[in-house]
Amino acid sequence: MLDGCVPWPEDLAERYRAEGYWTGEPLDQLLRNGVERHPDRVALVSGDGRRWTYAELDAWTARVAAGLSTLLSPRERVVVQLPNVPEFVVLLFALLRVGALPVLALPAHREAEIVPLCELSEAVAYFITEDYRELSRVVTKAVPGLRHVIAVEDLPTADPVELPEPDPGDVALFLLSGGTTGTPKLIPRTHNDYLYNARASAEVSGFDESTVYLVVLPASHNFALASPGLLGAFAAGGTVVLAPDPSPDTAFALIEREKVTVTAAVPPVVLLWMDAAEFADEDLSSLELLQVGGAKLSAEPAGRVREALGCGLQQVFGMAEGLLNFTRLDDPEELIVTTQGRPLAPADEVRVLENGELLTRGPYTLRGYYRAEEHNARSFTEDGFYRSGDVVRQLPTGHLIVEGRVKDQINRGGEKIPAEELENHLLAHPAVHDAAVVGMADPVMGERTCAFLVVRGEAPKLREIAAFLRERGVAEYKLPDRIEVLDAFPLTKVGKVSKTELARRLAGEAE
Ligand code: J2J
């Protein structure tokens, strides 16, 4: 495995191969299979209605791979920050063929996220759309190692060339962790493990050649990418439709136009869709299944999905680090509505500690973050279990109910905010003496962000703090929703800021 990654121990690797989890194929095999089996089936549809068959997608990919192969070498890292455009798909497969390793940033990220990512990964290229030109100028100024900034409006192409096959046991791409610390964490996903991730997810979600999957979440997020997401849809021989945004207007129009059968969304989007569906004119009858995850969907709205949208519900409790839990399509309604599903693979090992914390290891769960030795010592047990930071309850059926978390992170409608990272940004403000970021319950978002501050002199207003953070290049979704100024923070017995007490104050006030 690439230097800076933690491989699976040989005995487990042997088991995963023997039991068929790891097939020894490169990740882009799932596109190649599609080309062999049904070249003329539609593989990809853009929001504006352009479409590519499997053969066309493959040919486009081959030309881009050839073009990129003169600029990039195998194992070099590149940062990819793209909205849901067809070029994302082509670029991803082309990079896999070249062997360059994409680091998948989110479209909402700004310089405060992208610069550290480039530095940590020592990226040599940054792929954007023209809309990101200005951001890319700031990034290139800060990161001297970036050799190329490439806007996908003019991806380099050349006549297809033969390229060496990657080692299937090695890294294929890097996903971003939701994070709990002040610095970003990169998740190496291998060809073997991610191919299993996509294929097995597709199977458990009933994907087949008739599947039309709508990408509503950012395509670079693990849920929309491979759980089963667009890679799972390709693996099953289906069609992928790209939605430029998750609004009901956009999504419903695409569902009607393309006869979408399945999509995946976070709870706030689902709530919005259920409200909008009441008055919508679009025909949503093609929709068979709605997958919901990223944050907990409460049982009450979960119970209304079938009625409101006329489709089945599948709860998905996943993490970019690996472990995926799905309710099964034939589970009793009660389990579908009240649980977040059970592990995907028979080989997923799940341990629930006394306090409810979920630990896991398995054939598609990382053994260590990239170049993060110290952090890895804390995030993994000695025998390689990943400490998810989630607090769960497991039913005798194996289904998990997510009840909370022990990690210092806010889950704002599925978007993850590492508290420490935001606190560090707040501490840079001249009027902020101390900062503690806590989630507050919210009926739509699940949680919103409250920043408790101890100030010097006059207290800054929320608006000023937001402007300050934007100026620093912090992504919009990380900005606090509320500020509370205190004279001093409540402390725990050992003298640390008591976030439990801060959260209790917010909860008390809500009642
Ligand atoms: C409660 N919390 C959940 C759920 C994720 C599929 C689906 C989601 C993600 C994802 C993903 C939850 N109920 N249904 O990668 O492939 C919280 C947990 C978890 C963290 C992971 C996928 N589904 N969560 O959300 O890496 O706290 O992945 O540990 O962004 O989201 O976040 P992320």
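What follows is calculated from the coordinates using simple rules that are stated; it is not laboratory data. Since this is a predicted model, take the numbers as computed values, not measurements. All Cβ positions, glycine included, derive from the backbone under ideal geometry; neighbour counts span all protein chains shown.
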Practice prompt. Using only the Cα atoms of segment 233-316, build the gyration tensor, take square roots of its eigenvalues as a ≥ b ≥ c, and label the shape rounded, prolate or oblate: rounded if a/c is under 1.5, else prolate if a/b is larger than b/c, else oblate.
Written response: oblate
Discussion item. Given contacts defined as C-alpha pairs under 8 Å and at least six residues apart, what's the relative contact order of the chain, whole-number percent?
Written reply: 13
Worksheet item: For the chain, what number of Lys pairs, 8 or more residues apart or on separate chains, have alpha-carbon atoms under 27 Å from each other?
Response: 26
Worksheet item: Going by how many other beta carbons lie within 10 Å of each one, how would you line up ARG147, ARG50, ARG97, ARG342, fewest first?
Response: ARG50, ARG147, ARG342, ARG97
Practice prompt. In Å³ and rounded to a whole number, note down the convex hull volume per residue for the Cα atoms of the chain.
Written response: 154
Worksheet item: What FRET efficiency would be calculated for the residue pair ASN424, GLU464, taking the C-beta separation as r and a Förster radius of 25 Å, to the nearest 0.05?
Response: 0.90
Item to complete: Take the alpha carbon gyration tensor of segment 178-294, find the square roots of its eigenvalues, order them as a ≥ b ≥ c, and report rounded if a/c is under 1.5; if not, report prolate when a/b exceeds b/c, else oblate.
Response: oblate
Worksheet item: Modelled label-to-label distance, LEU272 and LYS496, 7 Å Cα→beta-carbon offset: nm?
Response: 3.5
Worksheet item: What is the calculated FRET efficiency for SER298 to ALA503, with r their C-beta to C-beta distance and R₀ = 25 Å, to the nearest 0.05?
Response: 0.85
Fill in: Prolate/oblate/rounded call for segment 409-510, Cα gyration tensor, a/c under 1.5 rounded
oblate
Practice prompt. Please list 450-461, 24-35 highest first by mean number of surrounding beta-carbon atoms within 10 Å per residue.
Written response: 24-35, 450-461
Discussion item. Need the full-extension length gain, LYS259 to ARG378, defined as separation in residues times 0.36 nm minus the C-alpha distance. One decimal, nm.
Written reply: 38.2 nm
Worksheet item: In percent, how large is the relative contact order of segment 249-338, given Cα pairs closer than 8 Å and 6 or more residues apart?
Response: 26
Discussion item. Please list, in order, the residues from segment 452-491 whose amide nitrogen is less than 11 Å from a point placed 7 Å along the Cα→Cβ vector of ASP434.
Written reply: 453-455, 486-491
Worksheet item: ALA108 versus ALA488, label points 7 Å from Cα toward the beta carbon: distance in nm?
Response: 3.6
Discussion item. I need the peptides 177-185, 357-365 ranked by packing, meaning the mean over residues of other C-beta atoms within 10 angstrom, with the highest value on top.
Written reply: 357-365, 177-185
Worksheet item: For segment 7-135, what mean projected area does the convex hull of the alpha carbons give, in nm²?
Response: 10.0
Worksheet item: Taking 0.36 nm per residue of separation and subtracting the Cα-Cα distance, what length does fully extending GLU354 through HIS148 add?
Response: 69.2 nm
Worksheet item: Between segment 199-255 and segment 14-35, how many Å separate their Cα centres?
Response: 20
Practice prompt. Neighbouring Cβ atoms within 10 Å as the yardstick, rank GLU354, GLU134 fewest first.
Written response: GLU354, GLU134
Worksheet item: Hey, how many Å between the Cα centroid of segment 99-130 and the Cα centroid of segment 377-401?
Response: 30
Worksheet item: Sorted by mean Cβ packing within 10 Å, highest first, what order do the peptides 217-230, 323-336, 117-130 take?
Response: 217-230, 117-130, 323-336
Worksheet item: What FRET efficiency comes out for the pair ASP283/GLU334, r = Cβ-Cβ distance, R0 = 35 Å, nearest 0.05?
Response: 0.70
Worksheet item: What value, in deg cm²/dmol to 500, does the helix sum -39500 (n - 2.57) over DSSP H runs of n ≥ 4 give at 222 nm once divided by the residues of the chain?
Response: -10000 deg cm²/dmol
Discussion item. If you take every residue apart from LEU155 with its C-beta less than 13 Å away from the C-beta of LEU155, what net charge results, scoring Lys and Arg +1 and Asp and Glu -1?
Written reply: -3
Worksheet entry | Inter-centroid distance (Cα atoms) of segment 272-293 relative to segment 444-508, Å | 36
